[in-house]
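The values are calculated or read from the model by the stated rules, or taken from the named source; none is laboratory data. Since this is a predicted model, take the numbers as computed values, not measurements. Neighbour counts are summed over all protein chains in view; Cβ atoms, including those assigned to glycine, are modelled from backbone coordinates with ideal geometry. These accessible areas exclude ligands, DNA and RNA; they are computed on the full protein's heavy atoms, side chains included. Shrake-Rupley method; radii C 1.70, N 1.55, O 1.52, S 1.80 Å.
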Amino acid sequence: MVPFDEQLVRLIADARNRAILTILHEVARPLSTAELVNHLSEHDELAGDVSDENDDREALYIALHHNHLPKLDEAGLIDYDPAENVVTAENVPDVDADWQDLEKLEELGSCMRAGSDIEEDAIGVLESREDVIEYGRYLADEADEELFCMYTTTDLLEEEHLEHAEAALERGVEISLGSKNPKVRDLARDRLPEATIWEPQLDWMNAPSGYPKIGRLVLADREQIMLALLKNPDTDSHHPEIAVIGEGRDNPLVVLVRDLLGPRLDHLDYQSDEFLAELPFEP
Amino acid sequence: MTDKSVTDGGDGNDHSDQSLHLSYSIEETEAPSTAVARATAILTDTAHPDLDPLYDVIDPDYLDGAIETADSSVHAEFSFTFNQCEVIVTQSEVTARKLDGENL
């Protein structure tokens, strides 16, 4: 791992840093350092670490202002103004403060590496279903104008992902969601009335039988892609998933997917069920 | 609470404008970096939020790590300039001295 990424992983490996990021993500607005101390104290209480001593609060404040916050700012994870004592999140993925598994942390590190501007050509790999879900949510949050998704089974539309898609719709992002599975289309139509729901005609998306096969595809603003594969299900009902991700207009994976989707991206409207329903004749 | 001894190098006045020394004993449960911040805040009569962050000078985690994990035979001592004070940190105490215009 490149030193930059090691530092990033080391930062996220610290439970307090994860708590800070989680809180910032939840309140979704800038916080004063004092407010952050309050949130963290509550957070610690929930975790069973009760302490309302003024001394400990002071020590926590000092640790934030002199250590955690400047470090997180330097890594680009937050923006900290030490003169005004104001903390702002820098659009990071939702980091679960309860994660203890270091393997997951390393995968998140690779997730974030793909999300930063280190190399346009870099293609990252996500190795677990949790990371695929995480990154899907991240893309939904990152999209500025367009979110293009394709799914093959219903259980790939997680509740939280739907929530992030709803939030994206509220930001004015155009969402197109395609699935050959009518259940998925119904669910999506239900929850995301403003999204364009359609049925893909692409054979490569739904090759017959056999694993591994494509599970989901998420393309944000036509420049950030996640392509997830479903592996052979072993014991649990959920399929294990892996994914490749790429970022950048000229990133090879992004270019490939854009080419494969080709005119489909432009003709979304013509494929939507809404459009087909409007036609005065049988399509 | 514990005894934080504050001694000055001047005329016995705690808030004099002359260069002031402060000797601060680090508590057992206290991190050296926290002690540095507290001592400097007291010495300069400044609220914590208004100090420049210690991380700008030295990484508090490395400072704490070096001092706290060192074997008893090690004499670890760091000195640096922090918020216009000369600060010296050892395993047991923080010594701070205000640097006014003449001494810088």
(request) Set the Förster radius R0 to 56 Å, insert the Cβ-Cβ distance between A:Ala34 and B:Asp71 as r into 1/(1 + (r/R0)^6), and round the FRET efficiency to 0.05. (result) 0.90
(message) Net charge within 10 Å of A:His68 by Cβ-Cβ distance, Lys/Arg positive one each and Asp/Glu negative one each, not counting A:His68 itself?
(response) -1
(request) Extending each Cα 7 Å along its Cβ direction at A:Asp79 and A:Arg222, get the distance between those two points in nm, one decimal. (result) 2.8
(message) Going by average Cβ density within 10 Å per residue, which order do the peptides B:66-73, B:27-34 take, highest to lowest?
(response) B:27-34, B:66-73
(message) Just to check I understand the Karplus step: with θ = phi - 60° and J = 6.51 cos²θ - 1.76 cosθ + 1.60, what whole-Hz values come out for region A:13-24, glycine and proline as x?
(response) 5, 7, 4, 5, 4, 5, 4, 4, 5, 4, 4, 4
(request) Compute the distance in nm between two label points, each set 7 Å from the Cα along the Cα-to-Cβ direction, one at B:Thr90 and one at A:Leu256. (result) 6.3
(message) What does the net charge come to around B:Asp56 if you take all other residues with beta carbon closer than 13 Å to its beta carbon, with K and R at +1 and D and E at -1?
(response) -3
(message) I'd like the Karplus ³J(HN,Hα) series for region B:59-68: coefficients 6.51, -1.76, 1.60, θ = phi - 60°, whole numbers in Hz, and an x wherever there's a Gly or Pro.
(response) 6, x, 5, 5, 4, 5, x, 5, 6, 6
(request) Using amide H atoms built 1.01 Å from N in the peptide plane, name the residues 5+ places from A:Ser176, or on other chains, whose amide H lies under 5 Å from its own. (result) A:Leu147, A:Phe148, A:Cys149, A:Thr196
(message) For a quick check of understanding: with a 1.4 angstrom probe and all protein chains in place, what accessible area in square angstrom does B:Arg97 have, to the nearest ten?
(response) 60
(message) On a 1.4 Å probe surface of the protein chains, which of A:Tyr61, B:Tyr24 comes out largest in accessible area, and what is the full order?
(response) A:Tyr61, B:Tyr24
(request) Work out the mean other chain Cβ neighbour count within 10 Å for the residues of B:25-37 and drop it here as an integer. (result) 3
(request) Name the residues whose placed amide hydrogens come within less than 5 Å of the amide hydrogen of B:Cys85, ignoring near sequence neighbours (fewer than 5 apart) on the same chain. (result) B:Leu99
